[in-house]
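*Asks:* The structure follows.
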Amino acid sequence: MHKSARFGLVKSGLDAHTLGINHIAQLIEECGFEVHVAKSEIAQAVDKISAKTNFSVFKNWILGHNITHIGFSYRLDPQQALEAFVRLVHQIEDDVQISPKKGGLIKKMYFAGLPESCDLVENEFGTRYMTFRGDETPKESLLKLGLPDHLIPQSIQEQSVYDELRLNFGKSIIRQEKQFHICPTKEFDYPEYGTSKDHLIKRLTAAKSADQLPLTRVHAGPYMKDREKALALFSDWLKKLAGSHFLDIVSVGSSQLSQSHFGEDWDDLPNGGGVPFNSVLELRAIQEDAIPMLVRAYSATNNIPHVAHLLEQNLNMAWHALSFWWFNQLDGRGPLGLRQSISEHIEALKYIARVGKPFEPNTPHHFAFRGSDDLTYIVSAFLAAKIAKKHGIRYFVLQNMLNTPKSTWGLRDLAKSRALLQLIRGLEDRNFRVIYQPRAGLDYFSTDIEKAKIQLAAVSALMTDVEPKNMDSPDIVHVVSYSEALFLANPGVINESIQITKAALEFYPEFRHKNALEDITQSKDLMDQTEKLAVEAHMLVQDMEKNIKNLYSVEGLHILFQMGYLPVPFLWECREEYANAVNWTTRILGGGVHVVDEKGKRISIQDRLRRIKEINPKIY
C-alpha cells in the first residue's frame, strides 16, 4: 500500500455507536495514513444513497478528501446491513470518477458489521471485500486493511505480558470447565428478602455474612418487534433466572420508547428494541416475575423525575442510574437539550435521595464512547459522585467499565480503576458509601464463542487485581454475557456467564500467586501511573471549582461541558454548539487514551488547563 492512500470511514446514520469506527481511524493514523471519519450528514446520505442528491453529497466528500479506501460500518440488522452495503457498492461502481472497476479514485472497500452481516456480505461478494467482525486485535485489523507490517508501531505489535497471562488463565478455566462446578447461591433469610421492602444494602450485608460476595447483576431483555410477545418472553426469562438462583440483580433492558414515551400512545413510532413496558401494571408484573431478585431499569430520557418515581413505586428499584450529560440531544438518545436534561436529572437525584435508594452514574463510559481520555473518564465519575453526595445520596454504586476502548491494556485499566477508587473513596463518610461494580467493556468480546468465554474469565480476573487486598471487593459484578458480540443472552447463557465469572474470581488468586503476578500488578511503574492520574484528576477538578461558580448546579455542570473541560472529540450531535468540548484530539498511547497536540504528543495537565483558559476568556 502506497503512503498516499487515504481512508474514509462511514457508518449508518441509524447506528448511535461511534467507538469502533473512531478506534480504527486512530490505529490507521498511528501508522502514518490520513483518515476521514464521515460526519452525520454523510452518514444520513449513505442511508439513502440511491437518491441522486444523496449520492452527490457522498461523492463530493470522497473527491474533496481524495479518499482511496472506503470502510462502511453497519452493526444493526444483518439483512438491512447487506442491502445497505450492496446499494453503496453499486452506486460507487457505476460512477466513473470513483469506481474501482473503472480506474476511479477508490481502490478498496471494506465492510464492518455483525458476524451474520459479514457472512451475508461474503456470500454476496466472495473475497472481493474484506469484512470485519469486531473481535480483531489492533494488529489484525491493520493487516486486514492492507497496511504493511513494517508501518505498524511496535507498541501495537507487542502484547502485554499481563494480558497474555490472564488469557492463559481464562483458557484453563474454560478448557477444564471449572464454571460448571459453580453452584447457585443460597437464599438469604433476612425478613425483607424478596419482598417489596427489600433493599440493596440489606442484600449486600447478608451476602457478606454468608461469604457470597460479589452480588451479580445482569442487563437482560429480548429484542422482538411484537410488543406483547416481547413482554411474554421476558416474563418467561425472569422466572427462569429467578428459579435458577445464580443472578442477584436484573437490569431490565428497556426499549427506547419505554425510556422516551412511557405511558403514551406509541402508535407507529419506531422502536429500538428492548423490553417494551408501557404501563404501571407491566412494571408490577416484571417485579413479581423477578422475585427474589432485585430489579432495576433505565431512567427515562423525558419526564425523568416522574418516571423515576413510577419505577421506584412499581419495581422497588435496586438502584437508580442517571447520566447527567447523556441520553439527550447530545448523543441522539433523547429529546431534551443538555441544560434541560441536566436539570431533570438533578430533580430525579433529589427524589432518589429522599427515598433512600442507591444511585449509579451512567456517566464515565459514555464519555469514553465519545473519544474522551482516561482522565476525563475518572473526573466525570468523581463529579457525579460529588453531585450525588451534595444532594443527599447515601449509597453510591460506582460502575467501572473496563476494556474501553477494547484495545486498552490491562495494566492501564488497573491504573485507571485504582485512581478512580482512590478519589471517590475519599468522599466516603458515615453518610456516603461507595459500592464498587466493575464490568467488561461493551465491545470487548469476540464473535468466537470459545474465545469470548476465555475473555470473560480473563476480564473477571482483572477485576480482582484492582483491590487485591480487599477480600470484599468487588461488591457487585455487572456480568456481561459472553454472547455479547453475537446475540442477546438468554437465561442459559446468562447463568453460564455468571458461573464463568465466579469461577474466575475463585481460582484466579491462586494463579496470580503461582505466576508471581503481584510483581506486575504492584510494580512501581503502575503505582506511578495511578498516582499521576489521581493527581491530575484532582488538579482538573480544583480548576473547575475555582473558575465555575456553583459548579455542582445545573448551570455549573452545563458550563463545564461547554467550556471543554471534558473532551469528547467523537461527539456525534451538537458539535457546533459545544465546539470547545469537541475540539480536542485524543489517541491511544501506551495502552491508554490521552489528549494530544497537533503532532500526536501527549498534552500535560498544565497545558490542558492553559488551553481551557485561552478558549474561554470571558469566564476566566
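The values are calculated or read from the model by the stated rules, or taken from the named source; none is laboratory data. Note that the structure is a prediction, hence the values are computed from the model and not measured. Reconstructed Cβ throughout: ideal geometry from the backbone, glycine too, with neighbour counts over all protein chains shown.
*Asks:* Determine which single condition ARG296 fails, assuming it passes every other condition in (1) in a helix (DSSP H, G or I); (2) closer than 30 Å to GLN212 by Cα; (3) not hydrophobic (A, V, I, L, M, F, W, C).
*Replies:* For ARG296, the exception is condition (1).
*Asks:* Within the range 580-600, which residues are in contact with a helix residue (DSSP H, G or I) (Cβ under 9 Å, 6 or more places away or on another chain) and not in a loop (DSSP other than H, G, I, E, B)?
*Replies:* First, the residues of the range 580-600 that are in contact with a helix residue (DSSP H, G or I) (Cβ under 9 Å, 6 or more places away or on another chain): 580-581, 583-584, 586-595, 597, 600.
Answer for the range 580-600, where residues must be in contact with a helix residue (DSSP H, G or I) (Cβ under 9 Å, 6 or more places away or on another chain) and not in a loop (DSSP other than H, G, I, E, B): ASN580, ALA581, THR586, ARG587, ILE588, LEU589, GLY592, VAL593, HIS594, VAL595.
*Asks:* Within the range 101-153, take every residue that is of a type in the set (Val, Ile, Thr) and closer than 30 Å to GLY591 by Cβ and give me the one that is farthest from the chain's Cα centre (by Cα).
*Replies:* So the first thing to find is which residues in the range 101-153 are of a type in the set (Val, Ile, Thr), and the list is 106, 121, 127, 131, 137, 152.
Still in the list and also closer than 30 Å to GLY591 by Cβ: 131, 137, 152.
Working: THR131: 23, THR137: 18, ILE152: 27 Å.
Only one residue fits best here, namely ILE152.
*Asks:* Give me the residue from the range 484-518 that is surrounded by fewer than 20 Cβ atoms within 10 Å (Cβ to Cβ) and small (Gly, Ala, Ser) and, out of that set, modelled with the highest pLDDT.
*Replies:* Filtering first and then ranking leaves GLY492.
*Asks:* With respect to ASN470, is the statement that it is at positive phi and either assigned by TED's automatic domain parsing to the domain that holds TYR508 or of a type outside the set (Gly, Ala, Ser) (or both) true?
*Replies:* Values: at positive phi: no; either assigned by TED's automatic domain parsing to the domain that holds TYR508 or of a type outside the set (Gly, Ala, Ser) (or both): yes.
It is false that ASN470 is at positive phi and either assigned by TED's automatic domain parsing to the domain that holds TYR508 or of a type outside the set (Gly, Ala, Ser) (or both).
*Asks:* At positive phi and touching a helix residue (DSSP H, G or I) at 6+ places or on another chain (Cβ under 9 Å): does that describe GLY253?
*Replies:* Here the answer is no, as GLY253 does not meet what is asked.
*Asks:* Residue by residue through the range 173-232, note down the ones that are modelled with pLDDT of 95 or more, closer than 19 Å to ILE476 by Cβ and of a type in the set (Lys, Arg).
*Replies:* LYS202, ARG203, LYS208, ARG217
*Asks:* Take residues that are out of contact with any Phe, Trp or Tyr (no Cβ under 7 Å at 6 or more places or on another chain) and surrounded by 24 or more Cβ atoms within 10 Å (Cβ to Cβ) and tell me which of the helices (runs of 4 or more DSSP H) falling wholly in the range 350-461 contain 3 or more. Break it down stepwise before answering.
*Replies:* Working: elements: 364-369, 374-390, 410-425.
So the answer is 374-390, 410-425.
*Asks:* What are the residues in the range 547-579 that are part of a helix (DSSP H, G or I) and over 12 Å from LEU609 (Cα atoms), if any?
*Replies:* VAL554, GLU555, GLY556, LEU557, HIS558, ILE559, LEU560, PHE561, GLN562, ALA579
*Asks:* Applying the selection to the range 410-429, what residues are touching a residue at least 60 places away in the same chain (Cβ under 8 Å) and within 18 Å of GLY371 (Cβ to Cβ)?
*Replies:* ARG412, LYS416, listed by residue number.
*Asks:* In the same structural domain as GLY334 (by TED's automatic domain parsing) and at pLDDT below 85, is that true of ASN271?
*Replies:* Against the criterion (in the same structural domain as GLY334 (by TED's automatic domain parsing) and at pLDDT below 85), ASN271 qualifies.
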